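Colleague: Starting off with a structure, shown below.
Values in this text are rule-based calculations from the coordinates and carry no lab data. All values reported here derive from a predicted model rather than from experimental measurement.
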């Protein structure tokens, strides 16, 4: 009996520590990276109890120039 599995493409991004990510971002402080994680500018991946950052997530921030998304404005006419 043969069992067929449908192949899934799995992203095998390299995982970086907060310190490694800070170095890749031009030597910024690891505390800045933690702040960006808290603000949602970077997405974290937990491995055990350790915070890691996918290389693709870091690349998004680099491509955006480190800018955070524009905050939504409240409609002041309502």
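Colleague: With no solvent and one point per C-alpha, what does the Debye sum give as log10 I(q)/I(0) for segment 15-63 at q = 0.15, 0.19, 0.28, 0.31 Å⁻¹?
Modeller: -0.31, -0.50, -1.14, -1.39
Colleague: Test of understanding: what is the full-extension gain from residue 63 to residue 14, defined as 0.36 nm times their sequence separation minus their Cα-Cα distance?
Modeller: Numbers: separation 49, 0.36 × 49 = 17.64 nm, distance 1.75 nm.
Gain on extension, residue 63 to residue 14, equals 15.9 nm.
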